[in-house]
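Written out below as structure tokens is the structure these notes cover.
The values are calculated or read from the model by the stated rules, or taken from the named source; none is laboratory data. What you are looking at is a predicted structure, and each value in this text was computed from that prediction instead of being measured. Please note: Cβ atoms are built from the backbone with ideal geometry, for glycine as well, and neighbour counts cover all protein chains shown. Side chains are part of the model used for accessible areas, which takes the heavy atoms of the whole protein and leaves out ligands, DNA and RNA. Shrake-Rupley method; radii C 1.70, N 1.55, O 1.52, S 1.80 Å.
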Amino acid sequence: TVYASDRTTEPSEPEETEPTAPDENAPQIVLESKQVTRGKEFTVAVEIKNNPGFSYLEITPVIPAALTLVKVENGDLISDFTKGKQYVWSADEDMVENGTLLTFTFTVADTVEAGNYAISFTVRTCGNYDEEPVAMEVTAGNIEVIDFVYGDATGDGVVDGFNVIRLKKYLANYDYDTETSTVEIGYGADANGDGKIDGFDVIRLKKYLANYDYETGESTIVLGPQ
């Protein structure tokens, strides 16, 4: 059974953009990558890494049309933040810490085509208090829009204990002669992404939930293909 929403309009096409990967030791703005389903709201953190020190930063966001920007929240590095077509930070001394520059909140429309969408920035000006330019590279974030969530056996878009229950019912009522079960499941029931629905999916899902951190919204166990 497929739990994806019926489409009543033509889906938008994925934009063929790929995140770039600068030198990992270079001063850089790093956008978080996420895997999301259509119709959902999600956040993307933007971090400063390998900070050499700067007091002024002006960047232009590059956001694909497939994503709808809900809000932008300033991080904890520089309090003087102005947003418009450009985002501008200014301080009276060089800021040398690494950390969260800002956080985006996006939504994905139900009509968006599944695929990869890059979000990035163009750096207009980055300089220190001595009025010297500071080289700041950008690592784009990849937003992968998928039709289902690995581990979501119930098809409600959430991975929780109810998926373990549904998966166990499915397997207990599976007929190996007809290769069917009297219990319905969604595509996400394949928790380990190996193309089969079996007991190994139950094991992966239980490990995922046992190691889930409700404060960060993440688990040390990865669902889907390895």
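Exactly one residue among 36, 44, 30, 108 is crowded, with 18+ Cβ neighbours inside 10 Å, closer than 30 Å to residue 189 by Cβ and modelled with pLDDT of 95 or more, and that residue is 44. Take the range 132-169 and flag every residue that is in a helix (DSSP H, G or I) and open to solvent by less than 30 Å² (accessible area, probe 1.4 Å). Of everything in the range 132-169, those that are in a helix (DSSP H, G or I) and open to solvent by less than 30 Å² (accessible area, probe 1.4 Å) turn out to be 163, 164, 167. Of all the numbered requirements in (1) under 20 Å from residue 42 (Cα atoms); (2) exposed (fewer than 15 other Cβ atoms within 10 Å of the Cβ); (3) among the polar types (S, T, N, Q), residue 219 misses one, and that requirement is (2). Name every residue in the range 52-65 that is in a loop (DSSP other than H, G, I, E, B), open to solvent by less than 20 Å² (accessible area, probe 1.4 Å) and either β-branched (Val, Ile, Thr) or over 15 Å from residue 33 (Cα atoms) (or both), in order of residue number. Hit for the range 52-65 is 53, nothing else.
For the range 174-189, filtered to residues that are open to solvent by 70 Å² or more (accessible area, probe 1.4 Å) and without any contact (Cβ under 8 Å) to a residue 60 or more places away in the chain, the residue that is farthest from residue 63 (Cα to Cα) is 177.
With the condition kept exactly as written, say whether any residue in the range 85-96 is in a loop (DSSP other than H, G, I, E, B), more than 22 Å from residue 49 (Cβ to Cβ) and modelled with pLDDT of 95 or more. The answer is yes, given that some residue of the range 85-96 is in a loop (DSSP other than H, G, I, E, B), more than 22 Å from residue 49 (Cβ to Cβ) and modelled with pLDDT of 95 or more. In the set (1) among the acidic types (Asp, Glu); (2) open to solvent by less than 40 Å² (accessible area, probe 1.4 Å); (3) under 20 Å from the mean Cα position of the chain (by Cα), the condition left unmet by residue 213 is number (2). Among all residues of the range 79-102, there is none that is under 27 Å from residue 39 (Cβ atoms), small (Gly, Ala, Ser) and either open to solvent by 40 Å² or more (accessible area, probe 1.4 Å) or under 23 Å from the mean Cα position of the chain (by Cα) (or both). Residues of the range 192-214 that are in a helix (DSSP H, G or I) and among the aromatic types (Phe, Trp, Tyr): 200, 208.
Do the conditions hold for residue 191, that is, is it in contact with a Lys or Arg (Cβ under 8 Å, 6 or more places away or on another chain) and within 30 Å of residue 30 (Cβ to Cβ)? Judged against the criteria, residue 191 is a match.
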